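Trainee: Here it is: the structure, laid out below.
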Amino acid sequence: MNEPEAPLSRHLEDPASEALLQAGWQGLEARRRTKPRDRRPAFVMAGAGALALAVAVFVGWPSKTPPPRALTLADGNTLAPSLGGPGPERWVLSDDSRLELGPGTKLELGENRPGQLHLLLRQGRMALDVRSQGRTRWRIDSGSTSIEVVGTRFVVERQGDRTQVTVTEGKVRVSDPHLVPPVQYLGPGEVLSPPEARSAQTTLEPQASRPPTASEMNRRRSRTPAAASTPTPPGPTGPPESPPPTVPPPNPAITTPAQAEDLLREADEARRRGDHPRAAAILARVAEGSDTRAALAALTLGRLLLDELEDPAGADRALVRALALPLPSGMNEIAWARRVEAKARQGARAEAQALADEYQRRFPSGRFWAEVQAWSVR
Amino acid sequence: MRGGAALVKVEVGVSLPIRTLPLGGNEPSDAELVSRARLGDAWAERALYRRHAPKLLRVARRILGNDADALDVLQEAFLAVFQRLGQLLDGAAFGPWLMRSGVRLASKKLKWRRFTGRVFFTHVDPSELFDPKPDAPAEVKEQLHKIGQVLTHLPADQRVAWILRYVEGYELTEVAAACGVSLATGKRWIAAAHTKVQAKLTEKEGAR
């Protein structure tokens, strides 16, 4: 090997310019301020990633999702072709879903095969807490109304031809040819009463003979929880045709569910007519009870006072009452959220903030956190 | 190591605080600066950078052919040695230690660049590896161009060793130390590269 006579660098420009050296020092300082990065060669990381992927695909990948099975009762017994009786019933299914039937409910099993369960509600009230996590497709038919389970917890109530769907958690899909639009999705707190009953009632009440308009249909869909327990009254109910409501006597004792039912129906009618003070008065009476129906009435009263009657103080009292009663869990969150709004609208900022904190503590991933936050800082 | 000329030039031409260092015999040694840097003296670290960065930057730029990669190597090398100053038993060996770290990083970067170039079908080496002075003779410029073409196709280790030896003028022992290999291996790399360079230059001269 020849010895170099002189290095070739004497013919080359010196690349170590002052600007580059300065840039190098500044970059060095910047790098030292930041967290040192992993020095493992990138190709090693890439190779490890590729290997992990290969292992996941060829070895660790689940061979197949276990096929769904037809639902049974939790104890392994098959579902009876018809359920319900004079008393309330509660069933736990093999996928841990809960099915509660009210007194006098008649529920029939339409189809039960792997991945699909079809129920027919003939009469009464059923509450479902579906925990299939998408493995089983639930469908409940009630008259012409078909309800498909997208989410988790809801109530279907049928009285005669009237069906009402109330969602407390998750999401359901309701389809009915009488709905406008015929397919609607309901979220938490939403109540939908398809107007099927109207056609039946039409025969009884000639004044309700015209078909409902789209706007009327939309009015029927409300986020009012109390409406959940109130069957939709017959007819599109234009004020001229409606019979004049009877004013309830002051503070009568509500002894039976039927009485509460009648009063709630009256409240619904009053609300539809725009007679909010009367609706509030009726709801306040029902709220004096101590059951779930009273809790929902109190919550609806709070909402009514807040949204329609500009009475945030009264709304807050009603919401406190609702929270003191056995309110369904989905509604609980609504009541807490609306209390923040009620306090904020009273100008009680500190209390609104405290309630917002309480809301966040109770519902760390609450659905209404954005609204709650907005009210608490007003 | 032949680095004195570069050091003198740097000390005269810089604007960083290294200029405040006393010149001549009073200039602190690498060992002294390393000792002070170990105690967290930022000025000493900067002085070490100012003293050794130009040489490493020059070598990295000539191995890699572009400023961006050379700067990256420069910074990574200094980061590594500053973080591990406590492991350096002899502070006077800071220069060779830094150079070995920098050359290793440059060599790895060159290999990685070639690998990604093959994977993504991109051209990785600049058209001109060397940047001749404007007043260099024309035949020298042409030779540098040809050498650059040959080096572009050499294995990374051979290219690095040849550049250190024939471009930077390092002694064989210095080349081996900078590459972190034995003297025999260093010689072999240089010889293999030099044979190809000479063959290319001879072939071209004959063709002309």
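Trainee: Looking for something among the aliphatic types (A, V, I, L, M) and at pLDDT 75 or above - is there at least one such residue anywhere in segment A:233-250?
Mentor: No, segment A:233-250 contains no residue that is among the aliphatic types (A, V, I, L, M) and at pLDDT 75 or above.
Trainee: Something else: Read through the list (1) more than 11 Å from every other protein chain (Cβ to nearest Cβ); (2) at pLDDT 85 or above; (3) under 21 Å from residue B:167 (Cα atoms), then give the number of the only condition that residue B:54 fails.
Mentor: (1)
Trainee: With respect to the numbered conditions (1) under 18 Å from residue A:166 (Cβ atoms); (2) at pLDDT 85 or above; (3) open to solvent by less than 10 Å² (accessible area, probe 1.4 Å), which one is the sole condition not fulfilled by residue A:294?
Mentor: Going through (1) under 18 Å from residue A:166 (Cβ atoms); (2) at pLDDT 85 or above; (3) open to solvent by less than 10 Å² (accessible area, probe 1.4 Å) one by one, residue A:294 breaks only (2).
Trainee: Against the condition open to solvent by less than 60 Å² (accessible area, probe 1.4 Å), closer than 18 Å to residue A:7 by Cβ, out of contact with any Cys (no Cβ under 9 Å at 6 or more places or on another chain) and in contact (Cβ under 8 Å) with a residue 12 or more places away in the chain, how does residue B:158 come out, does it pass?
Mentor: Taking the combined requirement at face value, the residue satisfies it.
Trainee: I'd like the full set of residues that are out of contact with any Phe, Trp or Tyr (no Cβ under 9 Å at 6 or more places or on another chain) and at pLDDT below 80, limited to segment A:113-144.
Mentor: Of everything in segment A:113-144, those that are out of contact with any Phe, Trp or Tyr (no Cβ under 9 Å at 6 or more places or on another chain) and at pLDDT below 80 turn out to be A:113, A:114, A:115, A:131, A:133, A:134, A:135, A:136, A:137, A:143, A:144.
Trainee: Pick out the one residue from B:187, B:196, B:200 that is at the interface with chain A (Cβ under 9 Å from one of its Cβ atoms), in a helix (DSSP H, G or I), open to solvent by 30 Å² or more (accessible area, probe 1.4 Å) and not small (Gly, Ala, Ser).
Mentor: Of the residues listed, the single one that is at the interface with chain A (Cβ under 9 Å from one of its Cβ atoms), in a helix (DSSP H, G or I), open to solvent by 30 Å² or more (accessible area, probe 1.4 Å) and not small (Gly, Ala, Ser) is B:187.
Trainee: Test residue B:61 against the stated conditions and say whether it is within 8 Å of another protein chain (Cβ to nearest Cβ) and farther than 18 Å from residue B:178 by Cα.
Mentor: Against the criterion (within 8 Å of another protein chain (Cβ to nearest Cβ) and farther than 18 Å from residue B:178 by Cα), residue B:61 does not qualify.
Trainee: Looking at the structure I just gave you, is residue A:367 open to solvent by 40 Å² or more (accessible area, probe 1.4 Å), in a loop (DSSP other than H, G, I, E, B) and touching a residue at least 60 places away in the same chain (Cβ under 8 Å)?
Mentor: The answer is yes for residue A:367.
Trainee: What residue, of A:39, A:33, is closer than 30 Å to residue B:165 by Cα and at pLDDT below 80?
Mentor: When all the criteria are applied, what remains is A:39.
Trainee: Please go through (1) modelled with pLDDT under 80; (2) touching a Lys or Arg at 6+ places or on another chain (Cβ under 7 Å) for residue A:161 and return the number of the only condition it doesn't satisfy.
Mentor: (2)
Trainee: I would also like to ask the following. Could you list, in sequence order, all residues of segment A:259-282 that are of a type in the set (Gly, Ala, Ser), open to solvent by 20 Å² or more (accessible area, probe 1.4 Å) and within 27 Å of the chain's Cα centre (by Cα)?
Mentor: Correct list: A:274 only.
Trainee: For residue B:104, are the conditions met, namely being in contact (Cβ under 8 Å) with a residue 24 or more places away in the chain and open to solvent by less than 40 Å² (accessible area, probe 1.4 Å)?
Mentor: When the stated conditions are applied, residue B:104 does not pass them.
Trainee: Could you please find all residues in segment A:284-334 being touching a His at 6+ places or on another chain (Cβ under 7 Å) and farther than 16 Å from residue A:264 by Cβ?
Mentor: A:308, A:309 - these are the residues of segment A:284-334 that are touching a His at 6+ places or on another chain (Cβ under 7 Å) and farther than 16 Å from residue A:264 by Cβ.
Trainee: Let me ask you something else. How many residues does segment A:76-128 contain that are open to solvent by less than 50 Å² (accessible area, probe 1.4 Å) and closer than 17 Å to residue A:164 by Cβ?
Mentor: 12
Trainee: Quick check: is even one residue across segment A:280-287 closer than 27 Å to residue A:186 by Cβ, in contact with a Pro (Cβ under 7 Å, 6 or more places away or on another chain) and at pLDDT 85 or above?
Mentor: Checked segment A:280-287: at least one residue is closer than 27 Å to residue A:186 by Cβ, in contact with a Pro (Cβ under 7 Å, 6 or more places away or on another chain) and at pLDDT 85 or above.
Trainee: Going through segment B:161-184 one residue at a time, which ones are in contact (Cβ under 8 Å) with a residue 40 or more places away in the chain, at negative phi and either open to solvent by less than 10 Å² (accessible area, probe 1.4 Å) or within 13 Å of the chain's Cα centre (by Cα) (or both)?
Mentor: Listed by number, the residues that qualify are B:163, B:164, B:167, B:168, B:170, B:174, B:177, B:178, B:179.
Trainee: Just to be sure before I move on: is residue B:54 open to solvent by 30 Å² or more (accessible area, probe 1.4 Å) and either touching a residue at least 60 places away in the same chain (Cβ under 8 Å) or under 12 Å from the mean Cα position of the chain (by Cα) (or both) in the structure I sent?
Mentor: no
Trainee: Mind counting the residues in segment B:169-184 that are in a helix (DSSP H, G or I) and among the small types (Gly, Ala, Ser)?
Mentor: 4
Trainee: Report, by residue number, each residue of segment B:1-51 that is modelled with pLDDT under 50, open to solvent by less than 70 Å² (accessible area, probe 1.4 Å) and away from chain A (no Cβ under 14 Å).
Mentor: Once the filter is applied, which keeps residues that are modelled with pLDDT under 50, open to solvent by less than 70 Å² (accessible area, probe 1.4 Å) and away from chain A (no Cβ under 14 Å), segment B:1-51 yields B:21, B:22, B:24.
Trainee: For segment A:299-317, what are the residues that are open to solvent by 10 Å² or more (accessible area, probe 1.4 Å) and among the hydrophobic types (A, V, I, L, M, F, W, C)?
Mentor: A:301, A:305, A:309, A:313
The values are calculated or read from the model by the stated rules, or taken from the named source; none is laboratory data. All figures in this text were calculated on a predicted structure; none of them were measured in a lab. For neighbour counting, all protein chains shown are included, and Cβ atoms are generated from backbone atoms with ideal geometry for every residue, glycine included. Surface areas here come from the heavy atoms of the whole protein model, side chains and all, with no ligands, DNA or RNA. Shrake-Rupley method; radii C 1.70, N 1.55, O 1.52, S 1.80 Å.
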